[in-house]
Amino acid sequence: MTVMPTAFVSRLKKEYALSENTPMATIEGPDQIDGELHKMILVSLDDDLAQEIVTISLAGKSAIADHMVIATGRSKRHVGALADHLQRKLKEFGLKSIRTEGMTSCDWVLVDAGDVVVHLFREEVRSFYDLEKMWAAEAIAMTYAPNQKKPGALGSNA
């Protein structure tokens with residue numbers, strides 16, 4: 001776990017409008033810094049116009065991460081740009097060991113930010129692999145909608 005100075009976390013909250021009233025996917029778990037990392041990733045993807053942003057909570061269900069974020073890009077170039085912008089923001093956040101796979105083809109890019117793993121897909125590739133279906137049997141998947149008061153379960157129209 002990376003411990004960030006309180007002033008830096010406060011600046012991030014202000015910069016990304018991360019308050020308790022910000023409607024986002026539910027974040028579970030005791031670690032506030034991981035929660036801020038998760039929020040920052042969701043905001044970054046939303047700002048870069050990623051589509052169908054979904055969070056699957058893995059806390060207590062898998063040792064690989066606490067959260068899995070899945071999002072769709074409109075094209076290979078968009079998927080690559082989403083990954084590149086996310087890497088830059090993660091470095092600004094203070095993470096040093098960010099691992100990325102798939103940047104050469106940009107059909108499916110995996111960004112490993114430690115406690116949050118991000119999968120960025122082109123639409124056809126995402127529907128083919130259908131990670132939500134594989135992981136939703138064990139975890140609750142939440143859609144991310146910035147204007148939604150409460151996040152709905154995956155597949156709901158709420």
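Coordinate-derived values only; no laboratory data. Bear in mind the structure is a predicted one, so any value in this text is a computation, not a measurement. Methodologically, a virtual Cβ is constructed for each residue, glycine included, from the backbone with ideal geometry; neighbour enumeration extends over all protein chains shown.
Quick look at the numbers
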quantity	calculated
In sequence order, calculated HN-Hα J values of region 68-85 (Karplus, 6.51, -1.76, 1.60; Hz; x Gly/Pro)	10, 10, 10, 9, 10, x, 6, 7, 4, 5, 5, 4, x, 5, 4, 5, 5, 5
5 angstrom amide H check on residue 106, placed H, neighbours 5+ away	none
Residues in region 70-89 that a label on residue 98 would reach, taking backbone N under 12 Å of a point 7 Å out along Cα→Cβ	81-89
Cleavage-rule hits (trypsin sites (Lys or Arg not before Pro)) in region 36-99: DSSP loop, at most 16 neighbouring Cβ within 10 angstrom	61, 74, 96
